[in-house]
Amino acid sequence: MKLSNFLGLSFLRGALGHWWHQRLTAICIIPLSIWFMTSLVGHLRSDYATIVNWIGSPVVSFLLVLLVCGVFYHAKLGVQVVIEDYVHTEGPKLFLLAAVNVGAFLGALGGILSIIAINFETV
C-alpha cells in the first residue's frame, strides 16, 4: 500500500493531481512574487553591494529558491497541459514533454545555482 493511499491522498495522482499541483503552486507563487516585487522596489536606488548582501541573507536566499522552483514547476505544468491537449502525434508529444521537463529542470537549476553563487560572492 502506498503512503498516499494510506493518508487518503490518492487524489494527488493523475489529472486531478496535476490540476491540484498547479493550483497549489499558484497559491505559493502569489505571496512570494508580491514579496519579491515589493523588495525590488525597495531596493531601486541600492548599489550592487547592497543587493548582493540582501540576496546573500539566508532568509532571502531561501525565499528566492522557493520562488524559482515554484515558478518553473508551475510553468512546466502549464506547458505540459498545452502539449497534451494540442499535440496529437505520439512521437512529437513525447519529445516536447521531455524537452519541457529538461528545460524546467535546467532553468530552476540555473536559478538556484545563481542564488548560491551570489551567496559566495564577496563585495
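The values are calculated or read from the model by the stated rules, or taken from the named source; none is laboratory data. Note that the structure is predicted; figures quoted are calculated from it, not measured. Glycine gets a Cβ as well: all are built from the backbone with ideal geometry, and neighbour counts include every protein chain shown. We work out accessible area using only protein heavy atoms, side chains counted, and drop any ligands, DNA or RNA first. Shrake-Rupley method; radii C 1.70, N 1.55, O 1.52, S 1.80 Å.
So for the range 83-90 (the condition being under 16 Å from the mean Cα position of the chain (by Cα) and surrounded by 14 or more Cβ atoms within 10 Å (Cβ to Cβ)), does at least one residue qualify? Checked the range 83-90: no residue is under 16 Å from the mean Cα position of the chain (by Cα) and surrounded by 14 or more Cβ atoms within 10 Å (Cβ to Cβ). The residue that is farthest from Val71 (Cα to Cα), among those in the range 22-41 that are open to solvent by less than 60 Å² (accessible area, probe 1.4 Å), out of contact with any Phe, Trp or Tyr (no Cβ under 7 Å at 6 or more places or on another chain) and of a type outside the set (A, V, I, L, M, F, W, C), is Ser39. The condition (being more than 23 Å from Gly17 (Cβ to Cβ), surrounded by 12 or more Cβ atoms within 10 Å (Cβ to Cβ) and not polar (S, T, N, Q)) is satisfied by just one residue among Gly107, Gly56: Gly56. For the range 55-106, a residue qualifies if it is in contact with a Lys or Arg (Cβ under 9 Å, 6 or more places away or on another chain) and closer than 25 Å to Ile34 by Cβ, and exactly one does: Ala104. Among residues of the range 38-62 that are without any contact (Cβ under 8 Å) to a residue 12 or more places away in the chain, those with a beta-carbon under 7 Å from a residue that is among the polar types (S, T, N, Q) at least six positions away or on a different chain give the pairs His43/Thr50. Here Ser39 passes the criteria (1) within 21 Å of Glu121 (Cβ to Cβ); (2) at pLDDT below 95 except the one numbered (2). Scanning the range 42-53 for residues that are within 18 Å of Asn119 (Cα to Cα) and either out of contact with any Asp or Glu (no Cβ under 9 Å at 6 or more places or on another chain) or open to solvent by 70 Å² or more (accessible area, probe 1.4 Å) (or both) yields a total of 8. Against the condition of a type in the set (A, V, I, L, M), within 30 Å of Glu121 (Cβ to Cβ), in a helix (DSSP H, G or I) and in contact (Cβ under 8 Å) with a residue 12 or more places away in the chain, how does Leu77 come out, does it pass? No; evaluated as a whole, the condition is false for this residue.
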